[in-house]
1. Got at least one residue in the stretch 101-115 being within 30 Å of ALA13 (Cβ to Cβ), within 13 Å of the chain's Cα centre (by Cα) and surrounded by 19 or more Cβ atoms within 10 Å (Cβ to Cβ)?
2. Would you say GLU77 is free of Cβ contacts under 8 Å to residues at least 60 places away in the same chain and within 14 Å of the chain's Cα centre (by Cα)?
3. For the stretch 18-68, enumerate the residues that are closer than 17 Å to ASP7 by Cβ and under 19 Å from the mean Cα position of the chain (by Cα).
4. Let me spell it out: the conditions are (1) under 19 Å from the mean Cα position of the chain (by Cα); (2) exposed (fewer than 11 other Cβ atoms within 10 Å of the Cβ), and LEU135 meets all of them except one. Which number is the exception?
5. Quick check on my filter: what residues within the stretch 9-41 are polar (S, T, N, Q) and either more than 27 Å from GLN140 (Cα to Cα) or in contact with a Phe, Trp or Tyr (Cβ under 9 Å, 6 or more places away or on another chain) (or both)?
6. Only one of these is within 25 Å of GLY61 (Cα to Cα) and either of a type outside the set (Asp, Glu) or in contact with a Leu (Cβ under 9 Å, 6 or more places away or on another chain) (or both): VAL95, VAL89. Name it.
7. List the pairs whose first member sits in the stretch 34-45 and is closer than 10 Å to ILE10 by Cβ, whose second member is modelled with pLDDT under 95 and outside any helix (DSSP H, G or I), and whose Cβ atoms are under 8 Å apart, counting only residues at least 6 apart or on separate chains?
8. I need the full set of residues from the stretch 92-145 which are acidic (Asp, Glu), closer than 30 Å to GLY18 by Cα and part of a loop (DSSP other than H, G, I, E, B), in order please.
Amino acid sequence: MRLDETDKAIIEALQSDGRMPFSALGPEVGLSPAAVRQRVLQLIDQDVMQVVAVTDPTTLGFTVQAMVGVSVDSDVEDVARALSAMDEVDYVVIVAGRFDILAEVVAENTERLLDTMNTIRDLDTVTGTEIFTYLRLEKQTYNWGTR
């Protein structure tokens, strides 16, 4: 989908304040509230954007986060789907390089992280894993906008 300047302005405004009402958003981007509502719904329907609440896992009792590099010897997509189905895994990407898949794990404690790692290692075609436990989150943004 090709975004026009109005679409980009809508996305940028919602990235600053995802709860902005259409009555405020419309005039900010030069549209009526009804027209901006239609544009927002179209952007959502076409999977261009999502409007979601982002939480800090540490404030919700999840004390351990880790990125897991996973190597497989067969169908990478099957393993990626299996990882995606795990509650503790919140991010899965198929990559090129040292690993075939990277998966982020968010767990309540190290015991739960260990359980999740054992589940990952038990998947049929997984040949190896390497875990990178987060010590401190320095930056996490979702504001790459509409470049």
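The values are calculated or read from the model by the stated rules, or taken from the named source; none is laboratory data. Every value quoted in this text rests on a predicted model; they were computed, and no experiment measured them. Using ideal geometry, Cβ is built from the backbone for each residue, glycine included, and neighbour counts are taken over all protein chains shown.
1. Yes, the stretch 101-115 has at least one match.
2. no
3. Residues satisfying the conditions are GLY18, LEU43, ILE44, ASP45, GLN46, ASP47, VAL48, MET49, GLN50, VAL51.
4. Against the list (1) under 19 Å from the mean Cα position of the chain (by Cα); (2) exposed (fewer than 11 other Cβ atoms within 10 Å of the Cβ), LEU135 comes up short only on (1).
5. Correct list: GLN15, SER23, SER32, GLN38.
6. VAL89
7. Every condition considered, the pairs that remain are VAL40/VAL51; LEU43/MET49.
8. If the condition is that a residue be acidic (Asp, Glu), closer than 30 Å to GLY18 by Cα and part of a loop (DSSP other than H, G, I, E, B), then GLU108, GLU138 are the ones that fit.
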